[in-house]
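All remarks here apply to the structure that follows.
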Amino acid sequence: MSEASSLQTGSQMRLYGCPTCGRVSQLLHAVPDGTFLQCPRCATPLYHERPRSLQRTWAYLIAATVLYIPANLLPIMSTSNVFGETLHTILGGIEELRTGGDWLLAVIVFIASIAVPLLKIGALLVLVITAQRRSRWKQVERAQLYRMIEAVGHWSMLDVFVVVLLVGTIRFGPLGGVMPQPGLLAFGAVVVLTMLAAGSFDPRLIWPEEKDDTRHP
Ligand SMILES: [Zn+2]
């Protein structure tokens, strides 16, 4: 018997790590599957694998992908002045910034509102598809990718910041005004849904246990 196969895993030893306070607890008696377990120190629910992780991640991802389309096609805001009302989409806003000579701002808006959400959706798709196939392909790199998505998540409010920047670039006249439009709602939903998708994904699924690994040896 090789050394690797003689090692017991945490789940075989009924060990549970608390994601909140770090305490490791051992369950002394077998309990039926699905029993609700809590950290004895801080009462955080304990799992070996997050329940229905793949299903929930898929649901959030599909919703985010669908809403990404109206977020970019629908106007995110309208501005009005004495000459009438103008509707602005994100891409249109970037174009206005570029033609107006604000290159740096145009690049920041493009990265934050078009590139980052798209890359985040793409990276999560890679993670969820490979996890579903119990793939052993580039596991270390996939774990790094997951940590990167988590790190980007902390900067998700950048997307909202972009809208503030766009609003700030509009020169208001005495009778001017700015109104949010449906695109902004879809845009905000994409940000929240990709955060929820990243939060639902269980990184343990990158490392499927040997004993369950029947489909992809
Ligand atoms: Zn705890």
| request: Output the residues belonging to segment 126-136 that are assigned to a helix (DSSP H, G or I), open to solvent by 50 Å² or more (accessible area, probe 1.4 Å) and either of a type in the set (Asp, Glu) or touching a residue at least 60 places away in the same chain (Cβ under 8 Å) (or both). | output: GLN132
| task | Quickly run through segment 116-125 and pick out the residues that are in contact (Cβ under 8 Å) with a residue 40 or more places away in the chain and among the hydrophobic types (A, V, I, L, M, F, W, C). | result | VAL116, LEU118, ILE121, LEU124, LEU125
| In the list ILE69, ILE76, ILE94, which residue meets the criterion of being open to solvent by 70 Å² or more (accessible area, probe 1.4 Å) and either farther than 30 Å from THR130 by Cβ or not charged (D, E, K, R) (or both)? | ILE69
| said: Among the listed residues GLY173, GLY101, GLY183, identify the single one that is at pLDDT 85 or above, more than 19 Å from the chain's Cα centre (by Cα) and not in a helix (DSSP H, G or I). | reply: GLY101
| query | Where residues in segment 35-93 are of a type in the set (Phe, Trp, Tyr) and within 16 Å of the ligand (Cβ to nearest atom), which of them is farthest from SER25 (Cα to Cα)? | reply | PHE36
| query | Just wondering, is there one or more residues in segment 202-209 that are open to solvent by 40 Å² or more (accessible area, probe 1.4 Å), in contact with an Asp or Glu (Cβ under 7 Å, 6 or more places away or on another chain) and modelled with pLDDT of 65 or more? | reply | yes
| Being farther than 25 Å from ASP202 by Cα and β-branched (Val, Ile, Thr), is that true of even one residue in segment 114-132? | yes
| said: I need the full set of residues from segment 26-47 which are farther than 23 Å from GLY199 by Cα and surrounded by 13 or more Cβ atoms within 10 Å (Cβ to Cβ), in order please. | reply: LEU27
| query | Would you call CYS21 within 14 Å of the ligand (Cβ to nearest atom), touching a residue at least 24 places away in the same chain (Cβ under 8 Å), over 22 Å from the mean Cα position of the chain (by Cα) and not in a helix (DSSP H, G or I)? | reply | no
| task | Starting from residues that are within 14 Å of the ligand (Cβ to nearest atom) and under 25 Å from ARG134 (Cβ atoms), keep the ones in segment 4-18 and report whichever is most open to solvent (accessible area, probe 1.4 Å). | result | LEU15
| query | Which pairs do you get when a residue that is closer than 16 Å to GLY10 by Cβ, found in segment 25-37, comes within reach of a residue that is of a type in the set (Phe, Trp, Tyr), reach meaning Cβ atoms under 8 angstrom, with the pair 6+ apart or on two chains? | reply | SER25/TYR16; GLN26/TYR16; LEU27/TYR16; LEU37/TYR16; LEU37/TYR47
| remark: In segment 137-149, residues that are touching a residue at least 24 places away in the same chain (Cβ under 8 Å), open to solvent by less than 90 Å² (accessible area, probe 1.4 Å) and out of contact with any Pro (no Cβ under 7 Å at 6 or more places or on another chain) total 3
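The values are calculated or read from the model by the stated rules, or taken from the named source; none is laboratory data. These numbers come from a predicted model, not from an experiment. A quick note on method: Cβ atoms are made from the backbone with ideal geometry, for glycine too, and the neighbour counts reach across all protein chains shown. Quick note on the areas: whole protein, heavy atoms, side chains included, nothing else; ligands and nucleic acids left out. Shrake-Rupley method; radii C 1.70, N 1.55, O 1.52, S 1.80 Å.
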